[in-house]
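Structure record follows, encoded as structure tokens.
Every read-out reported here was derived from the displayed coordinates using simple, explicitly stated rules and does not represent laboratory data. These figures come from a predicted structure and were not determined experimentally. Cβ: placed from backbone, ideal geometry, glycine included. Neighbour counts: every protein chain shown.
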Amino acid sequence: MSESEALFNVLRQSADADCVVAIERAVGEAPDRDLCRINALAFAAKHGLDEERTIAAFLHAARLGLFELSWNVICPGCGGVLDASATLKTVNREEYACTLCATDYKPTLDEMVEVTFTVSPRLRRIAGHDPDSLPEVEYYRQIFWSSGADLPEDLAGKLAEFTIDSIELPPGEKAVLSVQLPEGYVIVFDPVTHGRQIIAVKGEPTRDRQALSMVFNKVRAPEGGVELHPGPLRLALENRTDRRVLPTLWVAGDALHDLLAKRRPFLTAKRLLTNQTFRDIYQTDTLDPNQRLKITSLTFLFTDLKGSTALYERVGDLVAYDLVREHFRVLNEIVAAEAGAVVKTIGDAVMATFATPDRALAAALRMREAMGRINAERKNEDLLLKIGIHEGPCLAVTLNNSQDYFGQTVNVAARVQGLASSRAIFVTKPVVDDPRSAKILEDLSLQPSAQRAALRGVADETVVYEIP
């Protein structure tokens with residue numbers, strides 16, 4: 001048995017069988033480009049697989065060494081990858097600059113950090129393992145643009161629509177391009193160093209040859225802008241880096257903007273951090289203790305058992321302990337089934353996160369139903385669950401050697417849970433205002449009742465809603 005066969009046999013023990021079959025077939029049959037920076041959501045859609053099971057399968061495969069996991073900081077404007085690393089710990093800058101868009105961005109885990117999977121060279125060697133060997137078009141497809149960029153199959157044809165000229169320039173080499181500048185804006189861009197220069201082509205056309213030079217230096221990617229006339233240009237290029245560069249001249253028109261605007265869903269860092277499989281596998285390896293990464297929207301669900309102390313007194317330690325364990329098991333299963341993750345347990349309480357409010361609400365309703373079912377089987381109201389949900393911005397941090405969250409959103413969610421009585425679900429306005437949450441409530445004919453409440457640590461009264 002080969003090493004790859006042995007590893008896939010191990011993977012079958014922890015991952016969904018259909019997902020493993022699809023991944024193994026792709027490793028054996030797919031073209032190189034399909035195995036470089038795999039978009040797990042697109043992979044699931046292509047093969048008709050469940051997204052959460054596909055993500056879990058790739059995570060287990062990465063843990064076994066079948067794939068390399070990459071955290072890529074991406075530009076929300078053009079979809080280009082601004083930085084890539086095997087760990088989230090390197091996402092530590094206050095701002096990331098996109099030279100193509102000429103814009104600086106403060107990184108957030110919602111849409112600016114994607115997670116991709118590349119087949120390990122020990123399993124299969126692909127061209128993407130040596131990016132400098134890739135042809136220009138494939139470099140753009142596999143390395144420069146993120147997995148969220150919806151690129152056409154005929155990318156070469158699309159690029160040709162707005163490309164004036166391009167060249168591959170080896171390390172230390174110089175070259176000269178002679179081109180004709182059209183009126184408008186032209187961008188000289190290199191996807192390797194992200195060097196960029198904008199040429200504003202305006203005024204009277206000229207027959208005189210204009211000159212422009214551009215030096216690519218690994219210390220700092222060149223960028224800037226100049227104004228030239230329509231007409232001939234002699235563009236002198238020099239590569240002072242230790243890698244080949246791929247400078248190209250693009251017309252900054254509708255064809256370019258149309259390509260940059262096309263997007264497809266991708267696996268965000270936020271979604272991965274709220275994935276139970278990821279937390280189980282990478283619990284202590286995610287963030288550096290000094291990191292504070294922003295998330296613009298995350299939904300927190302807190303639960304607590306009402307009267308758990310009295311429960312131990314009433315039924316005895318052994319029975320109560322088994323009941324509480326069963327309650328934790330059920331809650332963990334429901335959270336995972338709704339694409340969430342349990343962050344921690346505090347006594348008899350649970351703190352969980354979800355990427356969107358509707359998944360948290362769906363989990364809460366299932367939790368209440370499950371506790372009611374257990375109580376009915378025991379013919380006793382032993383497990384009375386109080387639930388609170390709130391959505392908002394927060395910071396992803398490391399606390400007590402595990403990945404956690406910090407901020408007022410977390411505090412409010414905990415306080416909202418504290419308002420709940422037995423079997424009650426209390427949520428805030430952002431949760432009920434979410435269209436998908438509203439659809440769940442409408443389908444179940446549940447009408448939230450609003451009330452104002454004073455939450456400890458919150459200056460103003462907060463409008464909360466009880467879900468009957």
Practice problem: For region 382-454 and region 121-199, write down the distance between their C-alpha centroids in whole Å. | Solution: 46 Å
Quiz item: Two-decimal Rg/Rh of region 370-468 from alpha-carbon positions, Kirkwood Rh?
Solution: 1.03
Self-check item: Among beta bridges that DSSP assigns inside region 163-252, antiparallel share in %, nearest 5
Solution: 70 percent
Practice problem: Evaluate the charge dipole of the chain about its Cα centre and quote only its size in Debye, nearest 20, assuming +1 on the Cβ of each Lys and Arg and -1 on the Cβ of each Asp and Glu. | Solution: 720 debye
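So if I place +1 on the C-beta of Lys and Arg and -1 on the C-beta of Asp and Glu, and nothing else carries charge, what would the dipole magnitude of region 3-147 be about its Cα centre? I want it in debye, nearest 20.
The calculated dipole for region 3-147 is roughly 260 debye.
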Quiz item: Under a Cβ-Cβ cut-off of 10 Å, what is the net charge of the residues other than Ala175 that fall near it, where Lys and Arg count +1 and Asp and Glu count -1?
Solution: -2
Exercise. Starting from the amide H of Ser120, placed 1.01 Å from N in the peptide plane, find each other amide H under 5 Å away whose residue is 5 or more places distant or on another chain.
Key: Phe67, Glu68
Quiz item: So what's the Cα pair-distance distribution over the chain, bin width 20 Å, in %?
Solution: 21, 45, 26, 7, 1
Quiz item: Which ³J(HN,Hα) values, rounded to whole Hz and listed in residue order, are derived for region 169-185 from phi using the Karplus coefficients 6.51, -1.76 and 1.60 in 6.51 cos²θ - 1.76 cosθ + 1.60 with θ = phi - 60°, glycine and proline given as x?
Solution: 10, x, x, x, 8, 10, 7, 10, 10, 10, 9, 10, 8, x, 5, x, 10
Self-check item: Helical mean residue ellipticity (222 nm; -39500 (n - 2.57) per DSSP H run of 4+; nearest 500) of the chain
Solution: -9500 deg cm²/dmol
Quiz item: Can you give the % of DSSP beta bridges in the chain that are antiparallel, to the nearest 5?
Solution: 85 percent
Quiz item: Taking +1 at the Cβ of each Lys and Arg and -1 at the Cβ of each Asp and Glu, which of Leu293, Ala453, Ala360 sits farthest along the dipole of region 282-467 towards its positive end, judged by Cα position relative to the Cα centre?
Solution: Ala453
Quiz item: region 60-86 to region 239-298: how many Å between their Cα centroids?
Solution: 7 Å
Practice problem: Could you estimate the translational diffusion coefficient of region 163-252 from the Stokes-Einstein equation, with Rh from the Kirkwood formula over C-alpha pairs, at 20 °C and 1.002 mPa s, in whole µm²/s? | Solution: 165 µm²/s
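Tell me the relative contact order for the chain as a rounded percent, counting alpha carbon contacts under 8 Å between residues six or more apart.
12 percent
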Quiz item: Where does the longest stretch of the chain lie that holds no GluC sites (Glu not before Pro) found in a DSSP loop with 12 or fewer other Cβ atoms within 10 Å?
Solution: 154-460
Quiz item: Mind checking which helices in the chain clear 20 Å along their axis (Cα) and have mean Kyte-Doolittle hydropathy of -0.5 or more, DSSP H runs only?
Solution: 317-337
Quiz item: With θ set to phi - 60° and the Karplus curve 6.51 cos²θ - 1.76 cosθ + 1.60, what are the ³J(HN,Hα) couplings of region 338-351 in order, to the nearest whole Hz, using x for Gly and Pro?
Solution: 9, 6, x, 9, 7, 7, 6, 10, 10, x, 9, 9, 10, 10
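I need the shape label for region 282-467. Rule: rounded when a/c is under 1.5, else prolate if a/b > b/c, else oblate, with a, b, c from the alpha carbon gyration tensor.
oblate
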Quiz item: Between Ala337 and Glu238, what is the label-to-label distance in nm when each label sits 7 Å out along the Cα-to-Cβ direction?
Solution: 6.7 nm
Exercise. Taking Cβ-Cβ under 4.7 Å as the only way to count a partner, pick out the unpartnered cysteines of the chain.
Key: Cys19, Cys36, Cys78, Cys394
Quiz item: Quick one: which of Lys306/Lys344; Lys306/Lys429; Lys306/Lys379; Lys89/Lys344; Lys106/Lys158; Lys89/Lys262 span more than 26 angstrom between C-alpha atoms?
Solution: Lys106/Lys158; Lys89/Lys262
